[in-house]
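What follows is a short report on a single structure.
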Amino acid sequence: MAPRASWKGQLRLSLVSCGVKLFPATSASERISFNQLHKDTHNRINMKAVDPELGLVERSDLVRGYEYEPKQYVIIDDADIEAVRIESNHTMNIEAFVDASEVDVLYQDAPYYLAPDGAMAEETFVVLREALRKSGKVAIARLVLTNRERVVTIGARENGMFVTTLRNPNEVRGTAEYFDNIPVGKPEQEMLDLAQKLIEQKVTTFNPKNYEDRYEQALMAMIREKLKGHNPIIAAAPERGNVINLMDALKASLGEAKPAAKSKAKAAPAPAKESATKVSLKAALEASKASAPKAATKKKA
């Protein structure tokens, strides 16, 4: 079954545009989840819509309401939502380009894949993708997802593009409340050197397959034992010794630490073959370049 796009529209850079489709890059379907059952019947419990005055109500009778004062609501229907039209409803208009390192990881939210929407869009999509790749930058754009405008970054990834939604600044908490009471002073140089050597011993190439969810695996093993009618196996937690002296602990760790296993690096994807651009696309690119604001020239003395 083909994946369902979360969003469809136009990707636009100045006068150049193409149809694109946005797909979630992650899935939670493989995670273990539990249902709520009645303790005696083991029937699955259904969550019903309840009005405090009328009791159970049909979901078809539910409407959206915005609470503008305590227990005071303004009703918002589908026509109202549809009436709120802005450009990013159907267009990802690239506004700027920045270095990926400039986008603080704290603001990065959900990852998506971006692909061309149909054969007609492929040529322009490939040109924009390769231009992004060669620039070494990520694009900044906006789009409306689930009735909310999101700022996103767009970068080249393999044969397609990679989109990351960004959190709004008011969603990110400041650090003062958490970090202000942490000492600023520098540690002893000898202890710092030992800690740095300990880090160097464990440097490796990151491979997510080496860091699978051990709790989820243990949970699934317990479930399988229960299905067989066996008592779940309870693994003993590793004993932890009391650390008396930080210097001794660092020295002991340095002696016991083993270099992390190096994971095999994947071969870099083959560069996409350059396709001859059509006259219309060339014209759009040239027109975009011509329409870009020119830098002011200095007057001669």
Residue in segment 117-137 that is in contact (Cβ under 8 Å) with a residue 24 or more places away in the chain and in a strand (DSSP E or B) present: no
Identity of the residue in segment 104-116, surrounded by fewer than 16 Cβ atoms within 10 Å (Cβ to Cβ) and in contact (Cβ under 8 Å) with a residue 24 or more places away in the chain, that ends up farthest from the chain's Cα centre (by Cα): LEU106
Yes/no for ASN207 being surrounded by 12 or more Cβ atoms within 10 Å (Cβ to Cβ) and within 19 Å of the chain's Cα centre (by Cα): yes
Qualifying residue in segment 74-84 (condition: part of a loop (DSSP other than H, G, I, E, B) and closer than 30 Å to ILE154 by Cα): yes
Residues satisfying the stated conditions in segment 27-84, i.e. within 35 Å of the chain's Cα centre (by Cα), under 30 Å from LEU219 (Cα atoms) and not charged (D, E, K, R): SER27, ALA28, SER29, ILE32, SER33, PHE34, ASN35, GLN36, LEU37, ILE45, ASN46, MET47
Test for ARG148: is it without any contact (Cβ under 8 Å) to a residue 24 or more places away in the chain and either within 24 Å of ARG4 (Cβ to Cβ) or not charged (D, E, K, R) (or both): yes
Condition check for ALA252: modelled with pLDDT of 80 or more, over 30 Å from GLY160 (Cα atoms) and not assigned by TED's automatic domain parsing to the domain that holds LEU11: yes
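Based on this model, can you work out whether VAL98 counts as under 18 Å from LEU22 (Cβ atoms), modelled with pLDDT of 95 or more and surrounded by 10 or more Cβ atoms within 10 Å (Cβ to Cβ)? Full working, then the answer.
Values: under 18 Å from LEU22 (Cβ atoms): no; modelled with pLDDT of 95 or more: yes; surrounded by 10 or more Cβ atoms within 10 Å (Cβ to Cβ): yes.
Against the criterion (under 18 Å from LEU22 (Cβ atoms), modelled with pLDDT of 95 or more and surrounded by 10 or more Cβ atoms within 10 Å (Cβ to Cβ)), VAL98 does not qualify.
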In segment 14-71, the residues that are more than 30 Å from MET120 (Cα to Cα), hydrophobic (A, V, I, L, M, F, W, C) and in contact (Cβ under 8 Å) with a residue 12 or more places away in the chain: ILE32, ALA49, LEU62, VAL63
Residue satisfying condition, being of a type in the set (Val, Ile, Thr) and more than 18 Å from MET92 (Cβ to Cβ), within set THR204, THR124, THR146: THR204
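Rundown of residues vs (1) over 20 Å from GLU158 (Cα atoms); (2) part of a loop (DSSP other than H, G, I, E, B), yes/no style:
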| position | (1), (2) |
| --- | --- |
| ARG4 | yes, yes |
| GLY9 | yes, no |
| CYS18 | no, no |
| LEU22 | no, no |
| SER27 | no, yes |
| GLU30 | yes, yes |
| LYS39 | yes, yes |
| ASN46 | yes, yes |
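The values are calculated or read from the model by the stated rules, or taken from the named source; none is laboratory data. The shown structure was predicted, so the numbers you read here are calculated from the model rather than taken from an experiment. All Cβ positions, glycine included, derive from the backbone under ideal geometry; neighbour counts span all protein chains shown.
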